[in-house]
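Some notes on the structure that comes next.
The values are calculated or read from the model by the stated rules, or taken from the named source; none is laboratory data. These numbers were taken from a predicted model, which means no experiment stands behind them. Every residue, glycine among them, receives a Cβ derived from its backbone with ideal geometry; neighbour counts consider all protein chains shown.
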Amino acid sequence: MSGGCINQGYALIGEISTYFVKLNQASQVEMFEAEMLGLQQMLDTQTIRVPKPICCGIAGDSAYIVMEWLEFGGGNTQAWEEMGRKLAEMHKANPPQPLQIVGETPARFGWERNNTIGSTPQLNNWTADWAEFFAKHRLGYQFQLAQRRGGHFSGKDELLGKVPELLDHQPQPSLVHGDLWGGNAAITKLGEPVILDPATYVGDREVDIAMSELFGGFPAGFYRGYNEVWALDSGYKQRKTLYNLYHILNHFNLFGGGYGSQASRMIEQILG
């Protein structure tokens, strides 16, 4: 089966059940451990459907993750509206939080472990302030990686300095999918919306909506359904380019090409 651009995918077919299996090198087992945890946490919200994780580990020289098998193939307007409603419900659910030490500022944004966005490490250090988290562990880290591969963005320092001003809306912490483009959302043959292949963490819910608009966008019903349950704030349209810059920088670091010039244009647009 297709396993995306990173992993090998297989259907494991038994007499009673079928499972979906992804394989990679044994050194990548932590990527699958993080994926399994993210899927389980999303499943625990009892909101939107995700492939139920079964197990992960190492066999021989391969790392693996096993999930329930889902048959995709639907996709009418009602299903996409339900996708939006269910995602909003997941964003509303109480997200995982670290154990608090008495007297310390609550650390609301991050996750209990690092994971990956594509094959790039994604740093999730718990941080009390969302703007600080996004500037340091999202944009700042991607700019560091870009510099190593020869990418130089003239407005980088000015942009990072303006992040607190650009993200001054004090978002409620939400469990987010983290990599919500069209390839990671589907409708089953029975018409049930599903999200998969997460890069989970606790952040601003707007990051998921922003990425859903990045590569062609989701059907309009998705956004109607989302706003029925939890309407987006008025400042979202100004923030979405900043949030999507993270993914374009990551694409530059993974694939090079025209993503560098696209990132430069986005920086210019944000700085105005």
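Table: residues versus (1) within 23 Å of MET90 (Cα to Cα); (2) at pLDDT 95 or above; (3) part of a helix (DSSP H, G or I); (4) touching a Gly at 6+ places or on another chain (Cβ under 8 Å).
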residue: GLY140; (1), (2), (3), (4): no, yes, yes, no
residue: GLN147; (1), (2), (3), (4): no, no, yes, no
residue: PRO164; (1), (2), (3), (4): no, yes, yes, no
residue: GLY178; (1), (2), (3), (4): yes, yes, no, yes
residue: VAL207; (1), (2), (3), (4): yes, yes, yes, yes
residue: ALA210; (1), (2), (3), (4): yes, yes, yes, no
residue: GLY221; (1), (2), (3), (4): yes, yes, yes, yes
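Suppose we keep only residues that are over 18 Å from GLY9 (Cβ atoms) and touching a Ser or Thr at 6+ places or on another chain (Cβ under 9 Å) within the stretch 47-78. Which one would you say is surrounded by the fewest Cβ atoms within 10 Å (Cβ to Cβ)? Filtering first and then ranking leaves GLY74. Within the bounds of the stretch 195-208, is there any residue that is of a type in the set (S, T, N, Q) and farther than 20 Å from ASN124 by Cβ? Scanning the stretch 195-208, I find no residue that is of a type in the set (S, T, N, Q) and farther than 20 Å from ASN124 by Cβ, so the answer is no.
ASN124 satisfies every condition listed in (1) more than 16 Å from the chain's Cα centre (by Cα); (2) touching a residue at least 12 places away in the same chain (Cβ under 8 Å); (3) not in a helix (DSSP H, G or I) except (1). PRO96 fulfils the conditions (1) in contact with a Pro (Cβ under 9 Å, 6 or more places away or on another chain); (2) surrounded by 15 or more Cβ atoms within 10 Å (Cβ to Cβ); (3) under 30 Å from LEU167 (Cα atoms) except for a single criterion, (1).
Listed by first and then second residue, the pairs with beta-carbon distance under 9 Å, at least 6 apart or on different chains, first residue in the stretch 250-272 and touching a residue at least 24 places away in the same chain (Cβ under 8 Å), second surrounded by fewer than 17 Cβ atoms within 10 Å (Cβ to Cβ) and of a type in the set (Asp, Glu), are ILE267/GLU158; LEU271/GLU158. Selection over the stretch 47-81 of residues that are part of a strand (DSSP E or B) and not hydroxyl-bearing (Ser, Thr, Tyr) gives a count of 14.
Condition first: part of a loop (DSSP other than H, G, I, E, B) and under 18 Å from the mean Cα position of the chain (by Cα). Can you find one or more residues in the stretch 6-18 that meet it? Yes, the conditions are met somewhere in the stretch 6-18. Among the residues of the stretch 242-272, the one identified as surrounded by fewer than 17 Cβ atoms within 10 Å (Cβ to Cβ) and hydroxyl-bearing (Ser, Thr, Tyr) is SER261.
The residues of the stretch 127-138 that are of a type in the set (Gly, Ala, Ser) and either in a helix (DSSP H, G or I) or within 16 Å of the chain's Cα centre (by Cα) (or both), listed by number, are ALA131, ALA135. Among residues of the stretch 1-28 that are under 21 Å from PRO198 (Cβ atoms), those with a Cβ under 8 angstrom from a residue that is modelled with pLDDT under 95 and β-branched (Val, Ile, Thr), sequence gap 6+ or separate chain, pair up as ASN24/ILE6.
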